[in-house]
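Take a look at the structure below.
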Amino acid sequence: MTKKPDRKKELKKELGILFKEKSYKAHGDSCILCGNKGLYHHYIMKSRNGLYKFDVRNAICLCQRHHYIIHHAPPTEQARIIQQIREKKGKEWCEWVDIAEHTHGESFSTVKWLESQLEILNNIWQ
């Protein structure tokens with residue numbers, strides 16, 4: 001018996017590849033804070049329901065050092081770095097983040113929703 005392909009799994013994989021490509025196109029490959037070549041696209045909001053997982057606005061490019069600080073430094077150092085990111089990204093982006101951080105709801109990993117995200121990513125920066 002042949003196993004039926006898991007459409008949701010295929011979509012998530014395709015979206016992950018496309019998200020990375022579009023994110024590099026949007027943000028470049030240099031750390032937003034120091035300009036060094038960035039190795040990491042850091043998600044600003046970790047969404048339990050997946051709402052912003054494939055939203056290019058939710059990613060920034062960080063070098064290894066700054067990515068480490070975001071995840072492992074004492075809270076005061078993390079807050080300092082986050083404030084620097086907010087200053088670099090500007091008022092409009094900060095307002096989007098502030099609103100988005102309070103957006104909750106159902107799971108956003110249905111096949112229909114994933115397909116809509118794929119269409120969105122395919123249509124930006126063509």
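The H on the amide N of residue 59, modeled in the peptide plane, is under 5 Å from the matching H of 44, each at least 5 residues off or on a different chain. Amide H contacts under 5 Å for residue 40: 62, restricted to partners 5 or more places along the chain or on a different chain, H placed in the peptide plane at 1.01 Å from N.
Where does the charge balance sit around residue 80 when Lys and Arg score +1, Asp and Glu -1, over other residues with C-beta under 14 Å from its C-beta? The answer is +1. Each stretch of four or more DSSP H residues adds -39500 (n - 2.57); spread over every residue of the chain, this sum gives -17500 deg cm²/dmol at 222 nm.
Give the shape of region 27-101 as rounded, prolate or oblate, defined through the alpha-carbon gyration tensor: a ≥ b ≥ c are the square roots of its eigenvalues, a/c under 1.5 means rounded, and otherwise the shape is prolate if a/b is larger than b/c and oblate if not. Cα axes put region 27-101 in the rounded bin. Under the simplified labelling scheme, the residue 88-residue 34 pair shows an inter-label distance of 1.1 nm, with each label point 7 Å from Cα along Cα→Cβ. Between residue 52 and 47, the built amide H atoms are under 5 Å apart, and every one of these is 5 or more places off in sequence or on another chain.
Shown in residue order for region 75-81 are the 3J(HN,Hα) couplings computed by the Karplus curve 6.51 cos²θ - 1.76 cosθ + 1.60 at θ = phi - 60°: x, 5, 5, 4, 4, 4, 5 Hz (x for Gly and Pro).
Cβ-to-Cβ counts within 10 Å put 86, 80 in ascending order as 80, 86, the fewest first.
Karplus-based coupling profile of region 111-116, in residue order and whole Hz: 4, 4, 5, 4, 4, 5, with θ = phi - 60° in 6.51 cos²θ - 1.76 cosθ + 1.60 and x standing for Gly or Pro.
In terms of distances greater than 20 angstrom between alpha carbons, the cross-link table entries 53/112; 25/112; 20/91; 13/89; 12/46; 12/91 yield 25/112; 20/91; 13/89; 12/91. Other residues within the sphere of radius under 14 Å centred on the Cβ of residue 94, judged by their own Cβ, net out at 0 (K and R +1, D and E -1).
The numbers here are math on the coordinates, done by the rules we state, and not lab data. Everything numeric here is computed off the predicted structure, so don't read it as measured data. Quick reminder, even Gly has a Cβ in these numbers, built from the backbone with ideal geometry, and neighbours come from all protein chains shown.
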